[in-house]
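All remarks here apply to the structure that follows.
The values are calculated or read from the model by the stated rules, or taken from the named source; none is laboratory data. Since this is a predicted model, take the numbers as computed values, not measurements. Positions of Cβ are backbone-derived with ideal geometry, glycine not excepted, and every protein chain shown enters the neighbour counts. Just so you know, the surface numbers come from the protein's heavy atoms only, side chains and all, with ligands and any DNA or RNA stripped out. Shrake-Rupley method; radii C 1.70, N 1.55, O 1.52, S 1.80 Å.
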Amino acid sequence: MGELLADHTTLRLGGPADQFLTHTSPADWPDLAQDVRRSGVAPYVLGGGSNTLADDLGFPGPVIRMATRGVAVRLLGDGFVEVVSQAGEPLASLVAFTVAEGLSGIEYLGGIPGTVGAAFVQNTGAYGQEISGTVTRLTAYDWRLDQATALRPADCHFGYRTSVFKTRPGRWTILEIALRLARSHQAAPVTYQHLADSMSVPMDARPPLAEAAEGVLHDRRRRGLLLPGSGPDTRQAGSVFLNPTVTPAQATVVRAAGGPIHQDPTGQLRASAGWLVEQAGYRPGTQVAPGIFCSEGRALTLAARDGATSASFTTALRRLASQVLATTSIQLTQEPVRPHLVPVSGRVGPTRAF
């Protein structure tokens, strides 16, 4: 039996991979890539496993666990610095490093699990910042061309929780990322009311960088947004649905019922997925399927407990989405990624994940 994906995902679900490789040194990439290419399919790339719902039967292809670490800094002048990170660096570690170095640009992304490379796959964002807002270039391996390629931000088609790496799975594997950050003792303006309230500062305040980063962790902990180290909710993948787009008419109905509506960076109106799930009758602690419960902190996070399987987790996702649609006529899109083989440029290649 191959390496169990359950041992490498935060849900602790998933059967064996046909081939499991761990990438730790950038210098070893050519040999590793050649090893994978012998299988005839592109790999499923796994980071921290915090957004992966692996099948109970496993994955019929190669899996690469991206575990490269390292951050380098280069002065750019005019108060800016280039920070180059390996794709396997934990995002939380990179955020902590930049805050300690007095560099502003990603300070509100602390406490989010997963790797730096994974953050760019889904264009991770929080409190008004998106990881794509600071990127200057990425180095990615192109499985179709069999070579490492430098990509510009425009090549990546970043959007709300998406990118070309997510919409064209199996084409690239992110290896290295360069960010342009500003030297500053102050954080970016606070634009979310609940964060302002948590920090006891007015909206649009620019608190000291370290205080802002700590305030984010405090607010995420208070709202059940941190991955717990122990307790009944340790096996989870965070929020299981994206905040859905809504029409102006739907937004009016949601607001009238007391629900929050916000505009994403593209200007689209979005409702709170968590609020919608609770409107559909689910509360923290509710059992949704065998072994699957809404977490103790929030209904939007599903926790796997005794008796859980990938199949029962999938059932829970479908039940929540179906009930929200029946209750509100709003369609939810799930966040956890299920590895599966898809055609890529005449070959078969699997989806990316993190």
Practice item. Under 7 Å between Cβ atoms, at least 6 apart or on separate chains: pull out the pairs that start in the stretch 274-302 with a residue that is among the acidic types (Asp, Glu) and end on any residue that is surrounded by fewer than 20 Cβ atoms within 10 Å (Cβ to Cβ). Key: Glu296/Pro232; Glu296/Pro284; Glu296/Gly285
Review point. Which of the residues belonging to the stretch 208-240 are more than 25 Å from Gln334 (Cα to Cα) and surrounded by 21 or more Cβ atoms within 10 Å (Cβ to Cβ)?
Key: Leu209, Ala212, Ala213, Gly215
Exercise for review: Return the pairs, sorted by first residue and then second, in which the second residue is surrounded by 15 or more Cβ atoms within 10 Å (Cβ to Cβ) and of a type in the set (Gly, Ala, Ser), the first residue lies in the stretch 27-55 and is without any contact (Cβ under 8 Å) to a residue 40 or more places away in the chain and farther than 20 Å from Gly238 by Cα, the beta carbons are less than 9 Å apart, and the residues are 6+ apart or on different chains.
Suggested key: Pro30/Ala148; Val36/Ala42; Ser39/Gly61
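Report yes if some residue within the stretch 309-325 is part of a loop (DSSP other than H, G, I, E, B), touching a residue at least 12 places away in the same chain (Cβ under 8 Å) and open to solvent by less than 40 Å² (accessible area, probe 1.4 Å); otherwise report no. Please lay out each step first, then the result.
Within the stretch 309-325, the first condition is being part of a loop (DSSP other than H, G, I, E, B), and the residues that meet it are 309.
Among the residues that remain, those that are also touching a residue at least 12 places away in the same chain (Cβ under 8 Å) are: 309.
Those left that are additionally open to solvent by less than 40 Å² (accessible area, probe 1.4 Å): none.
No, the stretch 309-325 has no match at all.
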Exercise for review: Inspect the stretch 333-345 for any residue being at pLDDT 95 or above and either over 24 Å from Gly48 (Cβ atoms) or in a helix (DSSP H, G or I) (or both) and give the result as yes or no.
Suggested key: no
Point to revise | In the stretch 19-53, the residues that are outside any helix (DSSP H, G or I), farther than 13 Å from Gly117 by Cβ and open to solvent by 20 Å² or more (accessible area, probe 1.4 Å) | key: Gln19, Phe20, Leu21, Thr22, Thr24, Ser25, Arg38, Ser39, Gly40, Val41
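Conditions tested, residue by residue: (1) at pLDDT below 95; (2) in a loop (DSSP other than H, G, I, E, B); (3) within 28 Å of Leu46 (Cα to Cα); (4) in contact with a Ser or Thr (Cβ under 8 Å, 6 or more places away or on another chain).
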{"position": "Ser198", "(1), (2), (3), (4)": "yes, no, no, no"}
{"position": "Pro202", "(1), (2), (3), (4)": "no, yes, no, no"}
{"position": "Arg206", "(1), (2), (3), (4)": "no, yes, no, no"}
{"position": "Glu211", "(1), (2), (3), (4)": "no, no, no, no"}
{"position": "Val216", "(1), (2), (3), (4)": "no, no, yes, no"}
{"position": "Arg221", "(1), (2), (3), (4)": "yes, no, yes, no"}
{"position": "Gly224", "(1), (2), (3), (4)": "yes, yes, yes, yes"}
{"position": "Leu227", "(1), (2), (3), (4)": "yes, yes, yes, yes"}
{"position": "Ser230", "(1), (2), (3), (4)": "yes, yes, yes, no"}
Practice item. Those residues that are within 15 Å of Phe120 (Cβ to Cβ) and either aromatic (Phe, Trp, Tyr) or open to solvent by 30 Å² or more (accessible area, probe 1.4 Å) (or both), I need them from the stretch 179-192; list them, please. Key: Arg180
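Can you tell which of Val99, Val95, Val83 is touching a residue at least 24 places away in the same chain (Cβ under 8 Å), surrounded by 14 or more Cβ atoms within 10 Å (Cβ to Cβ) and under 23 Å from Asp28 (Cα atoms)? Walk me through how you get there before you give the answer.
On the way: Val99 fails: under 23 Å from Asp28 (Cα atoms); Val95 fails: under 23 Å from Asp28 (Cα atoms).
Criteria check complete, one pass: Val83.
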Review point. Taking helices (runs of 4 or more DSSP H) that fall entirely within the stretch 111-178, which contain at least 3 residues that are open to solvent by 20 Å² or more (accessible area, probe 1.4 Å)?
Key: 153-156
Revision key, fill the gap. Of the residues in the stretch 269-323, those that are among the polar types (S, T, N, Q) and in contact with a Gly (Cβ under 8 Å, 6 or more places away or on another chain) number 8
Exercise for review: Count, please, the residues in the stretch 267-297 that happen to be open to solvent by 10 Å² or more (accessible area, probe 1.4 Å), under 23 Å from the mean Cα position of the chain (by Cα), at pLDDT 95 or above and farther than 23 Å from Ala54 by Cα.
Suggested key: 8
